[in-house]
């Protein structure tokens, strides 16, 4: 059982996950940010490895990805930065990014590197379920890496059941069919969708993401899931003037 | 479409792959849209009513069949019988309209009310805005901010046709970024919107669907060749390749004719080793771009590299998955032509035949310089578009 699976076994509510782009705002900041987030009460982290063409992302994460790439970030640089991850960080860590950098790194090498530095899971939005099953699953499972799938309001029940069967940590419930960085509007439709998924009694716990930006949206999401994921709003907070550690603790204060 | 079922090896399989290439590498947010299309496209396209309407529009609105013209003075110069498939004579000036007519009819059958598209030079944007005006559908075209400045006449055309042109301001602000923005729009508008992709790229079923709509090019060519030469197989078929849609249509009905040599001409830009090139098969590696596994220009870390070509239509860092397969299997030969060579070929064709070609198409003409003929070979070149849009580039280059 990896750290992520353990977390969900012990904690059923109010789980707070934070996404941020590796190598942003400055190339060497990756680990420093993780440490500050753990200290200020995040339950687990998603570290984004940047890609030149991030189609699922809105302007904030696109801009942070571009800046990180311009500063020299690559998957290899990231794994080097995470070499001593487990000396200071105890919470679960996921890597999130697009499939092409993983393909070029080599899926085998990628999974092994994740295991070696102590990464617990991955979110690769453009890796399809069919390809995951056929070509990647064995390698992920052999290295104890949980692959996280996304579900949207348009995902069919049959497909959600299949995703539930392939998942072994949690399911990432998108608040709406949208790119990242939009505000969550907990409309009647969204409530009906969350309630519908809740009622399916899936094997895996749910985390709600996309559009979660503050205490209020976090609390709304918590009514329907084990917790929620904050991305763009945090990346935006990172880009503010001042010391990174202070910006992080100021942002996290509203939740913890 | 009957051939599509019969011949499999160079065509897409039921999983959406051409050999090692293709598939649908898309985030879950796009899955329902793409899946709806995948389940329905062949059924809709094969309906008699669809075929009748599609063919009627191609005939009466686009002006098909486009002529297959034996270019006598060009033939004399190179010592072969060189036929030009005149896609430049289509309404809106290029082959792009074949695909947009097909897709707008398909979008209507799917009940979509809003159309989005990406465009580089604006040719596909104009072809999309045209069919949206024709059918009365809302049209939003994404175009790189830099391309909007470079291609003002096409931007004006799209606006006059009633389309909204949205600048793509991310990344390099060109075609690849316009494609990203169109995909983001589709993610944010999953129910009422159809995305008309302009080339044989994107997630399955787009490459197959677009090549089916463009296959009219080779379907007509075969009949025209038979009438003009007594046989429907030429010795060579040439077409330029950016994403590869005119080539896919030009090759479609020749792919299984083993005696026909297929040649795809990529843009070498300022030279394949100059750092300013779009010669994807030469410079690229296997990977995933815009939803399919193919060959693309990228860094060792898998970041997409910005291409260069004087011709905006070939200025794309990838090729469609079928092309990647034709390249890897060796069924088709991929060559490249520089900016200067293509411009010179454009001038040559203009002065020998009185046809000003699009610079894209001029790349295919330029490859004749590298071919040797015995004298009686039949060569078909897809003249995919006309050069009106490129006059500024020609004027600057030749100081006209």
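The values are calculated or read from the model by the stated rules, or taken from the named source; none is laboratory data. As the structure is a prediction and not an experimental result, all values here were calculated from the model. Methodologically, a virtual Cβ is constructed for each residue, glycine included, from the backbone with ideal geometry; neighbour enumeration extends over all protein chains shown.
With respect to the numbered conditions (1) in contact with a strand residue (DSSP E or B) (Cβ under 8 Å, 6 or more places away or on another chain); (2) within 24 Å of residue B:144 (Cβ to Cβ); (3) more than 12 Å from chain A (Cβ to nearest Cβ), which one is the sole condition not fulfilled by residue B:221?
Failed condition: (2).
State whether one or more residues within segment B:12-24 are more than 14 Å from chain A (Cβ to nearest Cβ) and not in a loop (DSSP other than H, G, I, E, B).
yes
Scanning segment B:97-121 for residues that are out of contact with any strand residue (DSSP E or B) (no Cβ under 8 Å at 6 or more places or on another chain) and buried (at least 24 other Cβ atoms within 10 Å of the Cβ), which turns out modelled with the lowest pLDDT?
Among residues in segment B:97-121 that are out of contact with any strand residue (DSSP E or B) (no Cβ under 8 Å at 6 or more places or on another chain) and buried (at least 24 other Cβ atoms within 10 Å of the Cβ), the one modelled with the lowest pLDDT is B:121.
Can you tell me which residue within segment A:168-197, out of those that are at pLDDT 90 or above and within 14 Å of another protein chain (Cβ to nearest Cβ), is farthest from residue A:138 (Cα to Cα)?
Among those that are at pLDDT 90 or above and within 14 Å of another protein chain (Cβ to nearest Cβ), it is A:193.
Name the residues in segment A:105-131 that are more than 20 Å from residue A:30 (Cβ to Cβ) and either within 11 Å of chain B (Cβ to nearest Cβ) or not in a helix (DSSP H, G or I) (or both), would you?
A:106, A:125, A:126, A:127, A:128, A:129, A:130, A:131
Taking residue A:138 and the conditions (1) part of a loop (DSSP other than H, G, I, E, B); (2) over 15 Å from the mean Cα position of the chain (by Cα); (3) closer than 17 Å to residue A:124 by Cβ, which numbered condition does it fall short on, given that it satisfies the others?
Among (1) part of a loop (DSSP other than H, G, I, E, B); (2) over 15 Å from the mean Cα position of the chain (by Cα); (3) closer than 17 Å to residue A:124 by Cβ, the lone unmet condition for residue A:138 is (1).
Determine whether segment B:39-49 contains at least one residue that is within 14 Å of chain A (Cβ to nearest Cβ) and touching a residue at least 12 places away in the same chain (Cβ under 8 Å).
Scanning segment B:39-49 turns up no residue that is within 14 Å of chain A (Cβ to nearest Cβ) and touching a residue at least 12 places away in the same chain (Cβ under 8 Å).
Quick one: which residue in B:316, B:334, B:370 is buried (at least 24 other Cβ atoms within 10 Å of the Cβ) and closer than 15 Å to residue B:279 by Cβ?
Just one listed residue meets the conditions, B:316.
Out of the residues in segment A:57-69 that are within 12 Å of chain B (Cβ to nearest Cβ) and surrounded by fewer than 24 Cβ atoms within 10 Å (Cβ to Cβ), which is nearest to residue A:233 (Cα to Cα)?
Residue satisfying both the conditions and the ranking: A:60.
In segment A:79-103, which residues are closer than 21 Å to residue A:64 by Cβ, assigned to a helix (DSSP H, G or I) and within 11 Å of chain B (Cβ to nearest Cβ)?
A:99, A:100, A:101, A:102
Yes or no, residue by residue, for (1) within 14 Å of another protein chain (Cβ to nearest Cβ); (2) out of contact with any strand residue (DSSP E or B) (no Cβ under 8 Å at 6 or more places or on another chain); (3) over 17 Å from residue B:363 (Cα atoms); (4) at pLDDT 95 or above:
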{"residue": "B:241", "(1), (2), (3), (4)": "no, no, no, yes"}
{"residue": "B:247", "(1), (2), (3), (4)": "no, no, no, yes"}
{"residue": "B:251", "(1), (2), (3), (4)": "no, no, no, yes"}
{"residue": "B:259", "(1), (2), (3), (4)": "no, yes, yes, yes"}
{"residue": "B:262", "(1), (2), (3), (4)": "no, no, no, yes"}
{"residue": "B:273", "(1), (2), (3), (4)": "no, yes, yes, yes"}
{"residue": "B:278", "(1), (2), (3), (4)": "no, no, no, yes"}
{"residue": "B:286", "(1), (2), (3), (4)": "yes, no, yes, yes"}
{"residue": "B:294", "(1), (2), (3), (4)": "yes, no, yes, yes"}
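What single numbered condition from (1) within 12 Å of another protein chain (Cβ to nearest Cβ); (2) surrounded by fewer than 23 Cβ atoms within 10 Å (Cβ to Cβ); (3) within 15 Å of the chain's Cα centre (by Cα) fails to hold for residue A:49?
Among (1) within 12 Å of another protein chain (Cβ to nearest Cβ); (2) surrounded by fewer than 23 Cβ atoms within 10 Å (Cβ to Cβ); (3) within 15 Å of the chain's Cα centre (by Cα), the lone unmet condition for residue A:49 is (2).
Test each condition in (1) more than 22 Å from the chain's Cα centre (by Cα); (2) in a loop (DSSP other than H, G, I, E, B); (3) more than 14 Å from chain A (Cβ to nearest Cβ) for residue B:74 and report the one that comes out false.
Every condition holds for residue B:74 apart from (2).
Filter segment A:104-139 for residues that are buried (at least 20 other Cβ atoms within 10 Å of the Cβ) and out of contact with any helix residue (DSSP H, G or I) (no Cβ under 9 Å at 6 or more places or on another chain) and give the result.
Passing the criteria: only A:123.
Step by step: first the residues of segment B:296-313, then only those that are more than 9 Å from every other protein chain (Cβ to nearest Cβ) and crowded, with 21+ Cβ neighbours inside 10 Å, then the one that is modelled with the highest pLDDT. Which residue is that?
B:297
Out of the residues in segment B:314-327 that are more than 14 Å from chain A (Cβ to nearest Cβ) and under 25 Å from residue B:340 (Cβ atoms), state the one that is farthest from the chain's Cα centre (by Cα).
B:327
Report, by residue number, each residue of segment A:134-157 that is more than 8 Å from every other protein chain (Cβ to nearest Cβ) and at pLDDT below 95.
A:134, A:135, A:136, A:153
In segment B:173-196, what residues are in a loop (DSSP other than H, G, I, E, B) and either out of contact with any strand residue (DSSP E or B) (no Cβ under 7 Å at 6 or more places or on another chain) or over 22 Å from residue B:123 (Cβ atoms) (or both)?
Result: B:189, B:190, B:191, B:192.
So, in segment B:337-367, how many residues would count as being part of a helix (DSSP H, G or I) and surrounded by fewer than 22 Cβ atoms within 10 Å (Cβ to Cβ)?
The number of residues fulfilling the criteria is 9.
Check whether at least one residue in segment A:67-89 is under 15 Å from the mean Cα position of the chain (by Cα) and modelled with pLDDT of 95 or more, and report yes or no.
No, segment A:67-89 contains no residue that is under 15 Å from the mean Cα position of the chain (by Cα) and modelled with pLDDT of 95 or more.
Please verify whether residue B:330 is more than 29 Å from residue B:35 (Cα to Cα), more than 12 Å from every other protein chain (Cβ to nearest Cβ) and at pLDDT 95 or above, treating the condition exactly as stated.
Here the answer is yes, as residue B:330 does meet what is asked.
Which one of these does residue A:23 not meet: (1) more than 11 Å from chain B (Cβ to nearest Cβ); (2) surrounded by fewer than 24 Cβ atoms within 10 Å (Cβ to Cβ); (3) in contact with a helix residue (DSSP H, G or I) (Cβ under 9 Å, 6 or more places away or on another chain)?
(2)
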